[in-house]
Amino acid sequence: MKTLIELRNFCKVNNRKFYISNDIKLAIKIKANGVYIPSTNRDLGIKSFKFDKKFKILGSAHNLKEIKIKELQNIKEIFLSPLFKSNKNPELNIYKYLNLKKRTSLQDISLGGIDHINIKKLKFINPLGFAAISFFDKKKAP
């Protein structure tokens, strides 16, 4: 717990947001900025928690069924993935991504397979943001 508080304080001092993964009780207890709920978490009890208006609940989804579950969980921003070819799930591609985006009011964040070559394609889907490991991997950067 002490380490989490130190990390939270470090983020605050450095003007960064601090999110806890998949543990809403802990996130509220340590006054994190929010919580990330993965696609595998289908618990609808999340709605019963009381938290500050600034507290953000982020989620992830790979298909329409998972998006609808995240809507029921009161998620406000969602990682849609993988946009491009990735190791775990079949890629959505731009057309499938746009189709999913049209079917939800959630703010979308693109994730999966984004690198220096395909990042320009994000202008076609206009996401709220993007997250990428490959893009920031110094071994793969141009």
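Annotations
- Yes/no for Lys101 being within 16 Å of Gly129 (Cβ to Cβ), touching a Phe, Trp or Tyr at 6+ places or on another chain (Cβ under 9 Å) and among the basic types (Lys, Arg): no
- Subset of region 29-53 that is hydroxyl-bearing (Ser, Thr, Tyr) and closer than 21 Å to Ser110 by Cα - its residue that is surrounded by the fewest Cβ atoms within 10 Å (Cβ to Cβ): Thr40
- Residues in region 82-116 that are in a helix (DSSP H, G or I) and more than 18 Å from Ser39 (Cα to Cα) were compared, and the one that is farthest from the chain's Cα centre (by Cα) is Tyr95.
- Test result for Ile109, surrounded by 13 or more Cβ atoms within 10 Å (Cβ to Cβ) and touching a Leu at 6+ places or on another chain (Cβ under 6 Å): yes
- The set of residues in region 54-96 that are within 20 Å of Phe135 (Cβ to Cβ), crowded, with 18+ Cβ neighbours inside 10 Å and among the aliphatic types (A, V, I, L, M) comprises Leu58, Ile78, Leu80, Leu83, Leu92.
- Residues of region 114-124 classified as surrounded by 12 or more Cβ atoms within 10 Å (Cβ to Cβ) and either without any contact (Cβ under 8 Å) to a residue 12 or more places away in the chain or farther than 13 Å from Phe79 by Cβ (or both), total: 7
We did not get these values from a lab; they are worked out from the coordinates using the rules stated. On a predicted model such as this, the values are computed, not experimentally measured, just so you know. So basically every Cβ, Gly included, is an ideal-geometry build from the backbone, and we count neighbours across all protein chains shown.
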